Each structure stands twice: as C-alpha cells, then as structure tokens.
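Read-outs throughout are calculated quantities, based only on the coordinates presented, and are distinct from any laboratory measurement. Not measured: the values here are computed from a predicted model. Methodologically, a virtual Cβ is constructed for each residue, glycine included, from the backbone with ideal geometry; neighbour enumeration extends over all protein chains shown.
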Amino acid sequence: QVQLVESGGGLVQAGDSLRLSCAASGGTFMSYVMGWFRQAPGKERVFVAAISWSVSTTSYADSVKGRFTISRDNAKNTVYLQMNSLKPEDTAVYYCAARRLAIRLGPNDYMYWGQGTQVTVSS
C-alpha cells in the first residue's frame with residue numbers, strides 16, 4: 001500500500017510560481033509511474049503531468065506545456081511539480097497519483113492517490 005502526501009499549494013498571483021511536492025511511503029517508489037492531476041470546482045479531475053520511474057519519460061497536458069515541469073527524486077521518494085507563469089485557470093486542487101508500468105493519462109488508471117493540495121491563482 002502506497003501513501004502519498006502532497007504539499008506546497010497556496011494562494012498566488014497570476015504570473016507567480018509554485019512548487020508542489022508529493023512524498024511517497026509504503027511501497028517501492030522507484031517502481032511507480034507518478035502523476036499529477038487537478039480538479040477545479042464543478043469539473044472532472046484531469047491529467048496534468050506524469051513521469052516514468054526511470055525519469056526518462058515525461059508527459060504533459062497541452063494546457064501546461066512549457067510552464068510546468070514534473071520531476072522526481074527516487075532517493076527521497078518524492079515527486080515535484082514546478083509551476084511557472086501561473087494563470088487563474090490553473091486554480092484547482094492538485095492531486096498526486098501513482099501507478100505501475102507505463103504512463104497513462106486517465107485518472108482511473110492510477111491506483112494510489114494523495115489527499116490533494118489547493119492552488120489558487122488570483123488575477
């Protein structure tokens with residue numbers, strides 16, 4: 001059983017940056033694909049970014065390409081989401097998730113989830 005705990009959310013202004021962290025425990029971190037998803041009020045949870053266990057492959061939603069960067073430190077069992085040039089439409093609860101094998105973009109493909117961290121971007 002893998003436990004995931006996100007941190008780093010907050011209230012920022014448009015154009016600012018934030019770095020989210022997700023600390024994993026209870027499993028072999030290196031064997032998991034790690035993903036970030038977000039859910040805005042009244043909307044479905046959607047894919048933001050994912051990274052393979054080997055760090056060799058990443059994937060991003062079109063809406064965040066060029067602004068967000070996902071990374072992981074397998075020695076620290078932690079995955080990060082660096083968010084730059086934030087926009088009001090980035091406002092959402094951000095969730096960390098884990099799955100085995102290959103990167104997938106659907107939330108239903110991920111087995112383990114964190115509790116989420118709120119990111120609010122004011123205009």
What longest region of the chain stays clear of trypsin sites (Lys or Arg not before Pro) that DSSP places outside H, G, I, E and B and that have at most 16 other Cβ atoms within 10 Å? 1-42
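Could you work out the percent of alpha carbon pairs in region 41-83 separated by over 13 Å, rounded to a whole number?
Details: 513 of 903 pairs.
Of the Cα pairs, 57 percent sit more than 13 Å apart.
For the chain, with only Lys/Arg (+1) and Asp/Glu (-1) charged at the beta-carbon, what is the dipole magnitude about the Cα centre, in debye rounded to 20?
On the way: 12 positive and 8 negative charges, 40 e Å.
With Lys and Arg at +1 and Asp and Glu at -1, about 180 debye.
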Rank Ser85, Ser71, Ser59 by mean-square fluctuation in a GNM of the chain with C-alpha springs under 10 angstrom and give only the top-ranked residue. Ser85
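With Cβ to Cβ distances under 14 Å as the rule, what net charge do the other residues near Cys22 carry (K, R +1; D, E -1)? Present the calculation step by step, with values, prior to reporting the outcome.
On the way: positive: Arg19, Arg38, Arg72, Lys76, Arg99; negative: Glu6, Asp73.
So the surrounding residues net to +3.
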Out of Ser31, Leu18, Thr58, whose Cα points farthest toward the positive end of the dipole of the chain (charges: +1 Lys, Arg; -1 Asp, Glu; placed on Cβ)? Ser31
Using a Förster radius of 41 Å, what is the FRET efficiency between Leu101 and Glu44 based on their Cβ-Cβ separation? Nearest 0.05, please. 0.95
For the chain, the Cα gyration tensor yields equivalent-ellipsoid semi-axes (√(5λ), largest first, whole Å) of 22, 14, 14
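Once you charge only the Cβ atoms, +1 for Lys and Arg and -1 for Asp and Glu, what is the size of the charge dipole of region 28-78 about its Cα centre, to the nearest 20 debye?
Values: 7 positive and 3 negative charges, 26 e Å.
Taking the Cα centre of region 28-78 as origin, the dipole is about 120 debye.
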